[in-house]
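Student: Take a look at this one; I'll ask things after.
A short reminder: the numbers here are calculations on the coordinates, not readings from a lab. These numbers come from a predicted model, not from an experiment. Neighbour counts run over all protein chains shown; Cβ positions are idealised from the backbone, glycine included.
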Amino acid sequence: MPERPSARAAIALVTDDFTELSSPARQSTPNGPLAWDGYDALRAGAADRTGEDESVVCGTARIEGTAAVLIAFEFGFLGGSLGERTGDRLEAAHTHARDHRLPVVALIATGGSRMQEGMVALSQLQRVARQSALTREAGLPQLAVLRDPTTGGGWATLGAGADVILALPGAQVGFAGSRVRPADADPAAYTAEAQVAAGAADAVVGPEELRPTLGQWLRLLTAPSTEPAPPPHPLGATDLPASGWAAVQRARSPQRPRAQSYLDAYFGHRVAISGDRCGGTDDGMLCGFGEHEGRTVAYAAQTGTATRPAGYRTAARLIRLADRLGIPVLTLVDTPGAANDAEAERQGVGAAIADLFGAVASARTPITTLVIGEGGSGGALALAVPGNTWATPDSYFSVIAPELAAAILKRPPEDVESTADQLRIRPQDLTELGIAGPF
């Protein structure tokens, strides 16, 4: 197995400069809190091998020009394990971040809690979680980079608890480390790539791209704004549809511009978050942060497919993060409706939609909504904000699809088009009804 890069090498990979924070003083007791025979010798040997006196190095740094508090684990020091002095340093790092209004970036490589300190070591996870929560409440972003390995409590606190989670290719990532997982466990499930696929991390980033990627994230997440995001200009039809059914046909046309085109036109550059953090992803919901006319704007955009539960949960995560950081949000509505298959029900589609409704309703940051295609029932409305919703000329918004409305009303198929007219779903109808603003 190749030698793992040290904490100092990881710091040099991503920073323009680095100033180490002074370590909190703690009264030393022989062989640690459990008086574990030989523990002092183990620590001394680890210090000789690594040049570090603990498993974590903390300091301030500039990453592509943005100041941050940086936490880097030294895996060579007792497997990067968390002990009492590790907890001291992590607490001091978060306190410094809050005192100086700095984001926190953690470069993680750890096997978990330190056996030689027993429950004292394990209890550091509560301490770390508390510090992370206080930093979150202070409105400061937290980013994690998952190095090899990131397992145990380090993954379950600093890693999985971060706002944005990036991972190095091939890194071992999982709550269960290699020595404690079942013998027949599939090793492919404990990788960075598997965690991204399961919605537990946002992206795999190669070492050569890590510094610019972190720099872009930090610039975007540290630029709050109180101004609403302006709605994008329509990219498709400019004339209004003559009938409800014509509006439906336009919205369903394969030639109509989709979310990707709107995002490309609206943002100079953008970065994506992925996954609902509970085991799912949905390619039909694009979420992230971008730069529009010099300002950071968060986005959640449906792509024209039936939205899955994971898509709603990812959008809710995006909106809550933007709200906490004071960043305005743009949502693009385009879905025939929520996924209604049996698997969607098993995955909690109703609860996921309710969660998104709640995130939008409780957001303090301004949200702007543009309907760019189909607006199918509550599955579309959950992404829309009252009072600042707009509709393009090739879109519609309906209580339900006209075909389904006719079926509910026990009307024959030939009445679908007239039902679409009665529902008043055209963009101009939405304006007259006070649902959407006019372009």
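Student: Where nothing but the Cβ of Lys and Arg (+1) and of Asp and Glu (-1) is charged, how large is the charge dipole of the range 119-212 around its Cα centre, in debye to the nearest 20?
Tutor: Working: 7 positive and 9 negative charges, 92 e Å.
In debye, rounded to 20, the range 119-212 gives about 440.
Student: Between the alpha-carbon centers of the range 183-250 and the range 18-58, tell me the distance in whole angstrom.
Tutor: Rounded to whole Å, the Cα centres lie 41 Å apart.
Student: Moving to a separate point now. Taking only Cα atoms and a 10 Å spring cutoff, compute GNM fluctuations for the chain and point out the largest among Leu381, Leu140, Leu13.
Tutor: Answer for the Gaussian network model of the chain: Leu13.
Student: With unit charges on the beta carbon (Lys/Arg positive, Asp/Glu negative), name the residue among Ser274, Gly153, Val416 whose Cα is farthest towards the positive pole of the charge dipole of the chain.
Tutor: Comparing the listed Cα positions along the dipole, Gly153 ranks first.
Student: Along the charge dipole of the chain, Cβ charges K/R +1 and D/E -1, which of Gly290, Thr19, Gly236 sits furthest on the positive end?
Tutor: Result: Thr19.
Student: Sticking with this one: If amide H atoms are built 1.01 Å from N in the plane of the peptide, which residues on other chains or at least 5 residues away come under 5 Å of the amide H of Ser81?
Tutor: Correct list: Gly111.
Student: Using θ = phi - 60° and the Karplus curve 6.51 cos²θ - 1.76 cosθ + 1.60, what whole-Hz ³J(HN,Hα) does each residue of the range 56-67 get, with Gly and Pro shown as x?
Tutor: Going residue by residue, I get 9, 10, 10, x, 9, 8, 10, 10, 6, x, 9, 6 Hz, with x marking Gly and Pro.
Student: Shape verdict for the chain, please, from the Cα gyration tensor: rounded (a/c under 1.5), prolate (a/b greater than b/c) or oblate. Don't skip to the end; give the middle numbers.
Tutor: Values: a/c = 2.90, a/b = 2.22, b/c = 1.31.
It comes out prolate by the Cα gyration axes.
Student: Which of Pro187, Thr307, Leu210 sits farthest toward the positive end of the charge dipole of the range 160-312, with +1 on the Cβ of Lys and Arg and -1 on the Cβ of Asp and Glu?
Tutor: Positive-end residue among those listed: Thr307.
Student: Taking only complete DSSP H runs, can you tell me which helices of the chain stretch 18 Å or more along their own long axis by Cα positions and average at least 1.0 on the Kyte-Doolittle scale?
Tutor: Working: long enough: 84-100 (24 Å, -1.75); 124-137 (20 Å, -0.97); 207-221 (21 Å, -0.38); 309-325 (24 Å, -0.14); 349-362 (20 Å, 1.67).
Both cut-offs are met by 349-362.
Student: When the helices in the chain are scored as -39500 (n - 2.57) per DSSP H run of 4 or longer and the sum is shared across all residues, what 222 nm value do you end up with, to the nearest 500 deg cm²/dmol? Present the calculation step by step, with values, prior to reporting the outcome.
Tutor: Values: 16 runs with 156 residues, N = 439.
Estimated from H runs of four or more residues: -10500 deg cm²/dmol.
Student: OK, next. What residues qualify as long-range amide H neighbours of Val56, i.e. H under 5 Å apart, gap of 5 or more or another chain, H built at 1.01 Å from N?
Tutor: Long-range HN contacts for Val56: Glu74.
Student: For Thr191, which sequence-distant residues (separation of 5 or more, or a different chain) have an amide H within less than 5 Å of its own amide H, given hydrogens modelled in the peptide plane?
Tutor: Under 5 Å from the amide H of Thr191: Val173.
Student: Using a simple charge model, +1 on the beta-carbon of Lys and Arg, -1 on the beta-carbon of Asp and Glu, nothing else, what dipole does the range 244-432 show about its Cα centre, in debye to the nearest 20?
Tutor: Details: 18 positive and 21 negative charges, 107 e Å.
With only Lys, Arg, Asp and Glu charged at Cβ, the dipole is about 520 debye.
Student: Another question about this same structure. Note down the relative contact order for the range 296-439 as a percent, whole number, built from C-alpha pairs under 8 angstrom at least six residues apart.
Tutor: It comes to 22 percent, rounded to a whole number.
Student: Among Ala197, Ala306, Ala407, which one shows the highest mean-square fluctuation when the chain is modelled as a Gaussian network with alpha-carbon springs under 10 Å?
Tutor: Ala407
Student: So, one more: How much FRET efficiency would the formula 1/(1 + (r/R0)^6) give for Leu34 and Gln260, where r is the Cβ-Cβ distance and R0 is 60 Å, rounded to 0.05?
Tutor: Efficiency, rounded to the nearest 0.05: 0.60.
Student: Right, another one. Taking the Cα centre of the chain as origin and charging only Cβ (+1 Lys, Arg; -1 Asp, Glu), how large is the dipole, in debye to the nearest 20?
Tutor: Dipole of the chain, to the nearest 20 debye: 620 debye.
Student: Specify the residue with the greatest mean-square fluctuation among Gln131, Gln27, Gln172, computed from a Gaussian network of the chain linking alpha-carbon atoms under 10 Å apart.
Tutor: Looking only at Gln131, Gln27, Gln172, the largest GNM fluctuation is found for Gln27.
Student: Let me ask something else about it. Given contacts defined as C-alpha pairs under 8 Å and at least six residues apart, what's the relative contact order of the chain, whole-number percent? Mind showing how you got there, number by number?
Tutor: Values: 988 pairs, mean separation 47.8, N = 439.
Relative CO of the chain lands at 11 percent.
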